[in-house]
Amino acid sequence: MTLEEKALQMQNNAPAIPRLSIIQYNWWSEALHGVARQGIATVFPQAIGMAATWDTDLIHRVADVVSTEARAKYSDGLRTKSPRVGGLTFWSPNINIFRDPRWGRGQETYGEDPFLTGRIAVAFIKGNAGGRPEIS
């Protein structure tokens, strides 16, 4: 890749590079508490609310539903050539440890406990993988 091509691949809407058989890809999709920005979808509580349950089984089931909806929306987007569906790359989960309220985005995290955040992140990632045995 040229330097310009590399730089352009670092944005969320990365352009195609035909000579390298690299297709255009939009990296911007959100699924922290449901599939966002892609029409109607199930909306779950914010991450901090789900963390308050301390229920990793629940988080796993939520992530499984999110990933199922995401895959359905992606398939439908391919069929209809919808510009709203960016792909299957999601900015989730947010595993930042929330210790400074001045950040202002604590609701997007699982809180300040590293153990809890780690356990919930594992449950979310495994649920989001859709039950693939190589992830479990």
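The values are calculated or read from the model by the stated rules, or taken from the named source; none is laboratory data. From a predicted model like this one, the values you see are computed outputs, not experimental measurements. Neighbour counts run over all protein chains shown; Cβ positions are idealised from the backbone, glycine included. Just so you know, the surface numbers come from the protein's heavy atoms only, side chains and all, with ligands and any DNA or RNA stripped out. Shrake-Rupley method; radii C 1.70, N 1.55, O 1.52, S 1.80 Å.
I'd like to know if region 81-95 contains one or more residues that are under 20 Å from Ala52 (Cβ atoms) and open to solvent by 80 Å² or more (accessible area, probe 1.4 Å).
Yes.
Does at least one position in region 92-112 carry a residue that is assigned to a helix (DSSP H, G or I), touching a residue at least 60 places away in the same chain (Cβ under 8 Å) and more than 30 Å from Lys6 (Cβ to Cβ)?
Yes, region 92-112 has at least one match.
Only one of these conditions is not met by Trp54: (1) assigned to a helix (DSSP H, G or I); (2) aromatic (Phe, Trp, Tyr); (3) at pLDDT 90 or above. Which number is it?
Answer for Trp54: the failing condition is (1).
Could you list, in sequence order, all residues of region 1-21 that are assigned to a strand (DSSP E or B) and under 21 Å from the mean Cα position of the chain (by Cα)?
Asn13, Ala14
Checking Met1 against (1) touching a strand residue (DSSP E or B) at 6+ places or on another chain (Cβ under 8 Å); (2) open to solvent by less than 60 Å² (accessible area, probe 1.4 Å), which test does it fail?
Unmet condition: (2).
Test Thr68 against the stated conditions and say whether it is over 18 Å from Gln107 (Cβ atoms), out of contact with any helix residue (DSSP H, G or I) (no Cβ under 9 Å at 6 or more places or on another chain) and free of Cβ contacts under 8 Å to residues at least 60 places away in the same chain.
Against the criterion (over 18 Å from Gln107 (Cβ atoms), out of contact with any helix residue (DSSP H, G or I) (no Cβ under 9 Å at 6 or more places or on another chain) and free of Cβ contacts under 8 Å to residues at least 60 places away in the same chain), Thr68 does not qualify.
Quick check on Ser75: is it open to solvent by 50 Å² or more (accessible area, probe 1.4 Å), of a type in the set (Ser, Thr, Tyr) and either on the phi > 0 side of the Ramachandran plot or in contact with a Phe, Trp or Tyr (Cβ under 6 Å, 6 or more places away or on another chain) (or both)?
It is false that Ser75 is open to solvent by 50 Å² or more (accessible area, probe 1.4 Å), of a type in the set (Ser, Thr, Tyr) and either on the phi > 0 side of the Ramachandran plot or in contact with a Phe, Trp or Tyr (Cβ under 6 Å, 6 or more places away or on another chain) (or both).
Residues in region 110-129 that are within 13 Å of the chain's Cα centre (by Cα) and open to solvent by less than 80 Å² (accessible area, probe 1.4 Å): how many?
Residues that pass the stated criteria total 6.
Go through region 22-51 and give me each residue that's open to solvent by 50 Å² or more (accessible area, probe 1.4 Å), in a loop (DSSP other than H, G, I, E, B), in contact (Cβ under 8 Å) with a residue 24 or more places away in the chain and hydrophobic (A, V, I, L, M, F, W, C).
Scanning region 22-51 gives Trp27, Trp28.
So for region 57-78 (the condition being more than 13 Å from the chain's Cα centre (by Cα) and not in a helix (DSSP H, G or I)), does at least one residue qualify?
No, that holds for no residue.
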